[in-house]
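The next block holds one structure in the form of structure tokens; read it before the comments.
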Amino acid sequence: MCDLMITDAAVLLPDGTVQSGQTIEVKDGKIYSIRPFRDSDMPGAAENQISGKGKLVMPGLVDCHMHTGQQLLKGKVLDELPMIWTRIMLPFESTLTEEKMELSASLAALEMIKSGTTAFVDAGSYHMEAAAEVYVRSGLRGLLSASTMDEKGLPDSIAQNADEAVAQTDRLYDRYHGKGNLKVAYSLRSLISCSEELIRKTAERAKERGAKLQAHMNEYAGEVNFSLTNRRMRPFEYLDSLGVLNGDFLAAHCLLLSEREKEILAERDAKVCHCPFSNCGKGAPDTPSLREKGVCVGLGTDGAAHGGLSLWNEMKIFRSVMNVEYGSRLNEPAVMPAKDILKMATENGYRFMGEDGGRIEIGKTADLITVNMMQPHLFPTGNPVNTLLECVTAADVCDSIVNGKVLMRDRKVLTLDEGKILAKAMEFTAAEYRKEEEKAS
């Protein structure tokens, strides 16, 4: 008997087509079979069953770049003046506590589960052990990091030298790598914030442990200019000269790339993540060129301070950005087809993380979601794949499954107490309002 059965569903297949009337069986965390629905697929045929009637089953979404530590900043950065990192985000993260991080992770986990994200890459913050405990309970698949910087002038609460910064991730790795569905990556917050000593030591430690290494890259002109001024090389050229780049390097943003940097990414098999909503105020990535060169490109939210954690929103924005920047210029409206964008948010995301998922086929990891298609804004449709990209929202996700375990059934999260978490969020919000009123008076 299989562990889980999803019956009589439409299924998004790896070639981008949709097959209706299918039953998916899951065993030991893997997809065991995909076959036509039979009348015998009734309650009792498996230990756990989900009716797929009126639903579409697809791989879970992967958020390749998000910030748990910024969840409580939601709504505070839009329309602010430039350099929100130094004026808002860095000061906020320097005041994080274990309690705040636990609440942040709880809210982030809820938002991801309810929006169809089954796996994520956290860019790194502080008190990440508190976040890891929440994510283990949530059942989500995650790749966590600790914020790694050693620049001078940081607030005392987060100031570190190179050895201390590496040791911070060592502790997180030793305790949580391989626990539940979590893994731990090493990180470089940004090349401006990291000395060459820290870059070398972090990369060496990641290589010793066979771990991923991630960094914010080529996001701002100032970042590129800093590298050119101080190192006489562009950022990826500099990292390549240090021997840092390889197939385990995860680069977020990558908006301002030279042709040589694109070639380096392809040569080293480094992975790239674009964050459309956050990025579109800074520039449009040259994704068509990266794809032509064979670079693996995934999508991230850069959330939660930047627009929340819905990858459905990010996919729509990404399609629009690609059309404005490239499609209109070439008179090619399908410069980035819907099925390719969905692949970026699913299969490419699992490849980005080094996981064997993102495709509905036998033997693949059973990280799956269902979408309720029987709604006026989704049904009927002449092309389900186009409708997934154009019309589906986070609220249309019904069920979430990670490693064969059901995390959400019919919009009810099973692994976390949503009511209790939202009550704590209300308490936090009320306390913040009181602080603001006291300042004003």
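The values are calculated or read from the model by the stated rules, or taken from the named source; none is laboratory data. These numbers come from a predicted model, not from an experiment. Note that each Cβ is placed from the backbone with ideal geometry, even for glycine, and that neighbours are counted across all protein chains shown. Protein only, heavy atoms only, side chains kept; ligands, DNA and RNA dropped before computing areas. Shrake-Rupley method; radii C 1.70, N 1.55, O 1.52, S 1.80 Å.
The number of residues in segment 337-347 being in a loop (DSSP other than H, G, I, E, B) and buried (at least 24 other Cβ atoms within 10 Å of the Cβ) comes to 1. Residue count for segment 243-256 satisfying the condition of being open to solvent by less than 30 Å² (accessible area, probe 1.4 Å) and of a type outside the set (Val, Ile, Thr): 9.
Residues of segment 152-169 that are in contact with a strand residue (DSSP E or B) (Cβ under 9 Å, 6 or more places away or on another chain) and not small (Gly, Ala, Ser): VAL166, GLN168, THR169. When GLY222, GLY210 are screened for being on the phi > 0 side of the Ramachandran plot, open to solvent by 20 Å² or more (accessible area, probe 1.4 Å) and not aliphatic (A, V, I, L, M), only GLY210 passes. Number of residues in segment 361-390 that are open to solvent by less than 60 Å² (accessible area, probe 1.4 Å) and more than 21 Å from THR118 (Cβ to Cβ): the value is 2.
No other residue among LEU422, LEU416 is buried (at least 16 other Cβ atoms within 10 Å of the Cβ), over 19 Å from ILE6 (Cα atoms) and either of a type in the set (S, T, N, Q) or modelled with pLDDT of 95 or more (or both) apart from LEU416.
Restricting segment 112-123 to residues that are assigned to a helix (DSSP H, G or I) and either at pLDDT below 95 or not hydrophobic (A, V, I, L, M, F, W, C) (or both) leaves a set whose member that is most open to solvent (accessible area, probe 1.4 Å) is LYS114. Here GLU237 does not qualify as within 21 Å of MET149 (Cα to Cα) and open to solvent by less than 20 Å² (accessible area, probe 1.4 Å). None of ARG359, ARG351, ARG434 is in contact with a Cys (Cβ under 9 Å, 6 or more places away or on another chain) and either farther than 18 Å from TRP312 by Cα or not hydroxyl-bearing (Ser, Thr, Tyr) (or both) except ARG351.
Look at (1) under 22 Å from PRO82 (Cβ atoms); (2) open to solvent by 10 Å² or more (accessible area, probe 1.4 Å); (3) not charged (D, E, K, R) and you find that ASN331 fails only one, number (1).
Filter segment 261-315 down to the residues that are open to solvent by less than 20 Å² (accessible area, probe 1.4 Å) and small (Gly, Ala, Ser) and list them by number. The answer is ALA270, SER278, SER289, GLY298, GLY300, GLY303, ALA304, ALA305, GLY308, SER310.
You will find that of LEU4, LEU61, LEU13, LEU78, the residue that is open to solvent by 10 Å² or more (accessible area, probe 1.4 Å), on the phi < 0 side of the Ramachandran plot and touching a Gly at 6+ places or on another chain (Cβ under 9 Å) is LEU78 and no other.
For segment 301-321, which residues satisfy the criterion of being part of a loop (DSSP other than H, G, I, E, B) and either polar (S, T, N, Q) or under 17 Å from LEU389 (Cβ atoms) (or both)? THR301, SER310 - these are the residues of segment 301-321 that are part of a loop (DSSP other than H, G, I, E, B) and either polar (S, T, N, Q) or under 17 Å from LEU389 (Cβ atoms) (or both).
Looking across segment 276-323 at every residue that is among the hydroxyl-bearing types (Ser, Thr, Tyr) and under 21 Å from ILE88 (Cα atoms), the one that is modelled with the highest pLDDT is identified as THR301. Of the residues examined, SER241 is one that is hydroxyl-bearing (Ser, Thr, Tyr), out of contact with any Cys (no Cβ under 7 Å at 6 or more places or on another chain), modelled with pLDDT of 95 or more and farther than 30 Å from TYR135 by Cβ. Scanning segment 243-286 for residues that are in a loop (DSSP other than H, G, I, E, B) and either among the charged types (D, E, K, R) or under 13 Å from the mean Cα position of the chain (by Cα) (or both) yields ASP248, ASP269, CYS275, LYS282, ASP286.
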